[in-house]
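Below is one structure; the comments refer to it alone.
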Amino acid sequence: MWRARLLHLCHFSLVGLFSIIQATCDLDPITGDDAEFCRGGLHVVYPGIGDVSCKHIPLCQNFTHDLINVWGPPVVTFPNAQEDKDYVLMMVDPDAPSRQNPIRRSWRHWILAYIKGHDLLCGKSLKGRIITEYNGPSPPVNTGYHRYEISLYLQPPGSSPSLLSSESEFRGNFDPDAFALRNNLGKPVATTEFKAKNPIQKSL
């Protein structure tokens, strides 16, 4: 019953969240092997484009420019969140600096702990303890599409996730699985990704 009441209270917030002005270009879904990373029903919403979960962000309407230069952290919702639990969110780029030569994988873009389940249900801007400050997607010029993988973990009671000193000094060459194992997070409860590339293309 409490869950039904909560979802009812959150309804109007979510309606506003997804009622984005319709774009004149579509976001194509990610297909093939990459689509297998999308599971659990995470929604990732940026203000000028809407839900990018498991989508390609097209090179139109300044979407990618604003993603890189203007928009802050997305609003993330998870319909199966437990209201009274805490969660950890991680966003990485496994294709740094390019998918063909990912010598800096997985570039760490964002880690946030102590996220309240209520906020994930209601589509509120996420609050919690910042482990890695949000740094938006920044695919280098002429490196094609990058995957931006977002993983959500249930944070166990008593857990206080943190980075190693060596990890805090550099965002590249991060190991999400090692971080999760070291901090007793287990497997993600949900994962998704979106793809974006730099809108500037230079002649080689």
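Give the residue, chosen from Ala190, Ala180, Ala196, that is of a type in the set (A, V, I, L, M) and in contact with a helix residue (DSSP H, G or I) (Cβ under 8 Å, 6 or more places away or on another chain).
Criteria check complete, one pass: Ala196.
Looking at this structure, is Lys187 part of a loop (DSSP other than H, G, I, E, B), of a type in the set (D, E, K, R), out of contact with any Lys or Arg (no Cβ under 7 Å at 6 or more places or on another chain) and at pLDDT below 95?
So Lys187 fails the test.
Per-residue answers, yes or no, for (1) within 16 Å of the chain's Cα centre (by Cα); (2) more than 21 Å from Cys54 (Cα to Cα):
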{"position": "Tyr134", "(1), (2)": "yes, no"}
{"position": "Pro137", "(1), (2)": "yes, no"}
{"position": "Val141", "(1), (2)": "no, yes"}
{"position": "Gly158", "(1), (2)": "no, yes"}
{"position": "Gly172", "(1), (2)": "no, yes"}
{"position": "Phe179", "(1), (2)": "no, yes"}
{"position": "Gly186", "(1), (2)": "no, yes"}
{"position": "Asn198", "(1), (2)": "no, no"}
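Restricting attention to the stretch 69-77, does a residue exist that is of a type in the set (Ser, Thr, Tyr), modelled with pLDDT of 95 or more, open to solvent by 20 Å² or more (accessible area, probe 1.4 Å) and not in a loop (DSSP other than H, G, I, E, B)?
no
Among Tyr114, Tyr145, Tyr134, which is the only one that is in contact with a strand residue (DSSP E or B) (Cβ under 6 Å, 6 or more places away or on another chain) and closer than 19 Å to Gly186 by Cα?
One residue alone meets the criteria, Tyr114.
Which one of the conditions (1) at pLDDT 95 or above; (2) not in a loop (DSSP other than H, G, I, E, B) does Ser53 fail to meet, given that it meets all the rest?
(2)
Checking the conditions here, which among Leu89, Leu27, Leu112 is open to solvent by less than 80 Å² (accessible area, probe 1.4 Å), outside any strand (DSSP E or B) and either at pLDDT 95 or above or of a type outside the set (Ser, Thr, Tyr) (or both)?
None of the other options fit; the residue is Leu27.
Under 7 Å between Cβ atoms, at least 6 apart or on separate chains: pull out the pairs that start in the stretch 36-64 with a residue that is farther than 23 Å from Leu121 by Cα and end on any residue that is assigned to a strand (DSSP E or B) and open to solvent by less than 40 Å² (accessible area, probe 1.4 Å).
Between residues of the stretch 36-64 that are farther than 23 Å from Leu121 by Cα and residues that are assigned to a strand (DSSP E or B) and open to solvent by less than 40 Å² (accessible area, probe 1.4 Å), the close pairs are His56/Lys195; Ile57/Phe194; Ile57/Lys195; Ile57/Ala196; Thr64/Ala196.
Please work out which one of (1) of a type outside the set (Phe, Trp, Tyr); (2) assigned to a loop (DSSP other than H, G, I, E, B); (3) within 25 Å of His65 (Cα to Cα); (4) touching an Asp or Glu at 6+ places or on another chain (Cβ under 9 Å) is the condition Ile103 fails and give its number.
Of everything listed in (1) of a type outside the set (Phe, Trp, Tyr); (2) assigned to a loop (DSSP other than H, G, I, E, B); (3) within 25 Å of His65 (Cα to Cα); (4) touching an Asp or Glu at 6+ places or on another chain (Cβ under 9 Å), Ile103 misses just condition (4).
For the stretch 115-127, does any single residue satisfy the condition of being part of a strand (DSSP E or B), closer than 25 Å to Pro79 by Cα and in contact with a Lys or Arg (Cβ under 9 Å, 6 or more places away or on another chain)? It would help to see each step written out before you state the result.
As a first pass, look at the stretch 115-127 and keep what is part of a strand (DSSP E or B): 115-116.
Remaining after also requiring closer than 25 Å to Pro79 by Cα: 115-116.
Filter once more, so that each one left must be in contact with a Lys or Arg (Cβ under 9 Å, 6 or more places away or on another chain): 115-116.
Among the residues of the stretch 115-127, at least one is part of a strand (DSSP E or B), closer than 25 Å to Pro79 by Cα and in contact with a Lys or Arg (Cβ under 9 Å, 6 or more places away or on another chain), which makes the answer yes.
Being open to solvent by 20 Å² or more (accessible area, probe 1.4 Å), among the aliphatic types (A, V, I, L, M) and in contact (Cβ under 8 Å) with a residue 24 or more places away in the chain is the filter here, so list the residues in the stretch 115-151 that pass it.
Answer for the stretch 115-151, where residues must be open to solvent by 20 Å² or more (accessible area, probe 1.4 Å), among the aliphatic types (A, V, I, L, M) and in contact (Cβ under 8 Å) with a residue 24 or more places away in the chain: Leu126, Ile131, Val141.
Over 19 Å from His56 (Cα atoms), assigned to a loop (DSSP other than H, G, I, E, B), open to solvent by 40 Å² or more (accessible area, probe 1.4 Å) and without any contact (Cβ under 8 Å) to a residue 24 or more places away in the chain: does that describe Asn80?
When the stated conditions are applied, Asn80 does not pass them.
How many of the residues in the stretch 30-50 are open to solvent by less than 40 Å² (accessible area, probe 1.4 Å) and assigned to a strand (DSSP E or B)?
Of the residues in that region, 4 qualify.
The values are calculated or read from the model by the stated rules, or taken from the named source; none is laboratory data. Worth saying up front: this structure is predicted, and the values here are computed from it rather than measured. Because the Cβ atoms are built from the backbone with ideal geometry, glycine has one as well, and the counts that use them run over all protein chains shown. All accessible areas refer to the heavy atoms of the entire protein, side chains included, with ligands and DNA or RNA removed. Shrake-Rupley method; radii C 1.70, N 1.55, O 1.52, S 1.80 Å.
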